[in-house]
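This report concerns only the one structure given below.
Here, each number is a calculation from the coordinates, and none is a lab measurement. Predicted, not measured: the structure shown is a model, and the values here were computed from it. With ideal geometry, Cβ positions are generated from the backbone for all residues, glycine too; neighbour counts draw on all protein chains shown.
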């Protein structure tokens, strides 16, 4: 089924002119970070040869990326090579200049704001070169490091480089670490995080070497010519390298904006049962990007404290990706719930039709024909089978769960990226470890995050307060959602079970009526017999349908989960976030920790929720 859909994505345009009828395909971006010594630890002979070595390494990486480019997943055009460099004197600038000479993009995380950082460079010429390179960067992230904690600031920016990198070029003299945040420490941390390190020796003439960790956890060195053999899998951009994961990513990019809102059928049922009223609404699906942008514009503050470049990063680049993942997940959830509810009720109607035909023919002697009820029942059975098998073939269930998880990752990234935080990877519960599709979700997020790159930022207190306010609005919105969802799902669960129980009680009374003497002769009153037969056969079928709807929808469990999440998020908001915002004048550390705790909580809850619904697939009623 997926193969039939993939060709549709081949004519999509690049993201900049992308139509709103399908998800934006991310560019294939390969980010190469740099760590290394300053000029005082670079030998003159090696310094002269480093530009050549850098160019050789970057060309090898670019060639691998070009070979691995997927036209059904990535936007048109060759892979974009991006250098992530703090552009300090020495190694950082050598790699940055080599990349720019090849047409690479440059993005710069800095340990301090630019003016403060420029004090690291003694000569006027060096400062001029620093600002010239900074002007060529597509994004600059100015962290809030302090001079009284320089080593921590350099360590922090080094970790941002690693987190943003697919490869790390290390210009290193091979000696042990001389201090916190130095080249040796960054190499160790990169290898531990499975980021391949290309080692260019800083003091001796030596060809580039690849440093990686093998399956036994041992550090190994290999010549650069083995890069293709060792590291080609880095460019699959999917954590799981199986073919199905790749096809799921391709199928996501081939999705189309739906027109008809099938989920409205379930919402009408929900509102009638839980709220006792019918709410008017459109049967057309709102444009995903327009709807999400409207929501995000109300959340992202429009203030001088949040640079316009950061707003544009969030609204123009990140929001469209979130809009499609979120919109498609809601669409498939609606399809699944409406069809599951519909087939359950249709199965009850399939019982009702032949009974009515029987009563009309034999109790009331009405000549309706023997075939009319049979044809009606046949039509209902065919409809149930067609709907069920179509939903299974189109994989509505898997798409709903997968797209929901992707949307949640992207939602958290809207406040993590402006703080320079990586996406947290909460330890999944043991029972979720066998999720076969989690790899493509993580892989697709990685592709999108690499396309986005660094968020432009200047982490001054007013900027941090603006991000904190945005986080507070997001939390408030999630708390309101879970409070409302708890009330609706609790009422829906209670009333659906009440209806199902009542229908079985009606059946019980009808059976009793068949057995006890009645003042009216059953032989003389065919209508009485008809009603007793109807009440003995149809209500249990309807009751079973309502219980099936409750079982498939997990209404009570959803209510309990929303209640628990409300308490958890209110605690995070009142304690962690509030305290972090108060501590902003002292720096961003507390706000970053709070952001990662909040994101980890939401992501972990979504992972566990997806396991709950993993086995609630669209199946035949029964």
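Once every DSSP H run of n ≥ 4 in the chain is given -39500 (n - 2.57) and the sum is divided by its residues, what mean residue ellipticity at 222 nm do you get, rounded to the nearest 500 deg cm²/dmol?
Values: 21 runs with 352 residues, N = 622.
Roughly -19000 deg cm²/dmol at 222 nm, from the helical runs in the chain.
Kindly express, to the nearest 10 degrees and within the range 0 to 90, the angle between helix 526-553's C-alpha long axis and the longest C-alpha principal axis of the chain.
10
Compute the relative contact order of segment 29-213 as a whole-number percentage, counting only Cα pairs closer than 8 Å that sit 6 or more residues apart in sequence. Mind dumping the intermediate values first?
Numbers: 329 pairs, mean separation 51.2, N = 185.
Computed over segment 29-213, the figure is 28 percent.
Once the principal axes of the Cα atoms of the chain are found, what is the range along each, listed largest first in whole angstroms?
Extents along the principal axes: 114, 50, 45 Å.
Compute the helix-to-body angle for 44-68: its Cα long axis versus the longest principal axis of the chain, expressed 0 to 90° and rounded to tens.
Here the helix axis deviates by roughly 20 degrees.
Sort 80-86, 123-129, 330-336, 346-352 by the packing proxy (mean of other Cβ within 10 Å over each peptide's residues), most packed first. Could you put the intermediate results ahead of the total?
Details: 80-86: 25.0, 123-129: 12.1, 330-336: 22.9, 346-352: 18.6.
Ranked by mean Cβ neighbours within 10 Å, highest first: 80-86, 330-336, 346-352, 123-129.
State whether segment 57-160 is rounded, prolate or oblate according to the following rule on the C-alpha gyration tensor (a ≥ b ≥ c being the square roots of its eigenvalues): a/c under 1.5 gives rounded; otherwise a/b larger than b/c gives prolate, and the remaining case gives oblate.
On the way: a/c = 2.62, a/b = 1.94, b/c = 1.35.
Since a/c reaches 1.5 and a/b is larger than b/c, the shape of segment 57-160 is classed as prolate.
Over the chain, what is the relative contact order in whole percent, taking alpha-carbon pairs under 8 Å and six or more residues apart? Intermediate values should be presented prior to the final figure.
Working: 927 pairs, mean separation 98.7, N = 622.
Relative contact order of the chain: 16 percent.
Quick check: the angle from helix 91-101's long axis to the longest principal axis of the chain, C-alpha only, nearest 10 degrees?
On a 0 to 90 degree scale, this one is about 70.
Rank-order 568-577, 547-556 by packing density, defined as the average count of other C-beta atoms within 10 Å over each peptide's residues, highest first. Don't skip to the answer; put the middle values down first.
Details: 568-577: 17.0, 547-556: 19.7.
With the highest mean Cβ count within 10 Å placed first, the list reads 547-556, 568-577.
By DSSP, what percent of the beta bridges with both residues in segment 29-213 are antiparallel, rounded to the nearest 5? Walk me through the intermediate numbers first.
Working: 3 of 25 bridges.
Rounded to the nearest five, the antiparallel share is 10 percent.
Using only the Cα atoms of segment 263-612, construct the convex hull and provide its projected area averaged over every direction, in square nanometres to one decimal. Provide the component values of the computation, followed by the final result.
Values: hull surface 88.3 nm².
Quarter of the Cα hull surface area: 22.1 nm².
Provide the percentage of antiparallel DSSP beta bridges, counting only those with both residues in the chain; round to the nearest 5.
Details: 9 of 33 bridges.
Among the beta bridges of the chain, antiparallel pairing accounts for roughly 25 percent.
List the relative contact order of segment 263-612 as a percent without decimals, with contacts defined as Cα pairs under 8 Å and 6+ residues apart. Provide the component values of the computation, followed by the final result.
Details: 356 pairs, mean separation 88.5, N = 350.
For segment 263-612, the relative contact order is 25 percent.
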